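All remarks here apply to the structure that follows.
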Amino acid sequence: MVNWNSGLLRMVFTFLSLFFLAYVLPGLSAYTVTHLLVVSILSAFLATIGETVVLADTPMKKGWLLFGVTALTIYFYAFVFMRERLSAVSVLLAAGLVAVLDYLQRIRVEAGAGRDVTGEGQAEPGPEQQE
C-alpha cells in the first residue's frame, strides 16, 4: 500500500530545500516557484511509487531511492523544460539534503513508534488508562 503522507512530506522537504538552496547554489536559481512546485510534486510522486515497485523496506533503502529519484528529477526537469544545464554538484547537494531530511524524519517516527507514540507525537493510552 502506498503511504501518501510520506509523499506529502517529501514534497514539502523538496520544495523547501530547493527554495533555500536556490539562493546559495549556482544553477538552481533558474527555478521559479512554479517550477519548484512541479519538481517537488513530481519527485515525491515518483519516489513514493518507486518504493512500492522496488519494495524498499528499510529507511536506508528508501533514502537512497529518494536521493536518486530526486537528483534525476531535478536535473532532467531543468534540462528538458527550462533548457538549463545544472551543475552536478548542485543537483547532488540538493538531492542529498532532501534525502537526509526524509531519513531523519523516518527515524524519528520509527523511534517514536517504539515508545507507543504516534507519528504526530501524541502518546497512545496504555492499558491502565483505557476505559
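The values are calculated or read from the model by the stated rules, or taken from the named source; none is laboratory data. Quick caveat: nothing in here was measured; it's all calculated off a predicted structure. Quick reminder, even Gly has a Cβ in these numbers, built from the backbone with ideal geometry, and neighbours come from all protein chains shown.
Here is a check on your reading of the model: is Ala47 in contact (Cβ under 8 Å) with a residue 24 or more places away in the chain and either over 17 Å from Val91 (Cα atoms) or surrounded by 22 or more Cβ atoms within 10 Å (Cβ to Cβ) (or both)? Criteria met by Ala47. Is it fair to say Val109 is closer than 19 Å to Asn3 by Cα, hydrophobic (A, V, I, L, M, F, W, C) and at pLDDT below 85? Against the criterion (closer than 19 Å to Asn3 by Cα, hydrophobic (A, V, I, L, M, F, W, C) and at pLDDT below 85), Val109 qualifies. Residues in region 70-89 that are under 17 Å from Gly50 (Cα atoms) and of a type in the set (Ser, Thr, Tyr) were compared, and the one that is farthest from the chain's Cα centre (by Cα) is Thr73. Which one of Thr118, Thr70 is at pLDDT below 80, of a type in the set (Val, Ile, Thr) and out of contact with any strand residue (DSSP E or B) (no Cβ under 9 Å at 6 or more places or on another chain)? Only one candidate qualifies: Thr118. Tell me, please, whether a residue that is in contact (Cβ under 8 Å) with a residue 12 or more places away in the chain, within 17 Å of the chain's Cα centre (by Cα) and in a loop (DSSP other than H, G, I, E, B) can be found in region 1-12. Taking every residue of region 1-12 in turn, at least one turns out to be in contact (Cβ under 8 Å) with a residue 12 or more places away in the chain, within 17 Å of the chain's Cα centre (by Cα) and in a loop (DSSP other than H, G, I, E, B). Scanning region 18-39 for residues that are among the hydroxyl-bearing types (Ser, Thr, Tyr) and modelled with pLDDT of 90 or more yields one hit, Thr34. Taken over region 92-111, residues that are touching a residue at least 24 places away in the same chain (Cβ under 8 Å) and either aliphatic (A, V, I, L, M) or buried (at least 20 other Cβ atoms within 10 Å of the Cβ) (or both) amount to 10.
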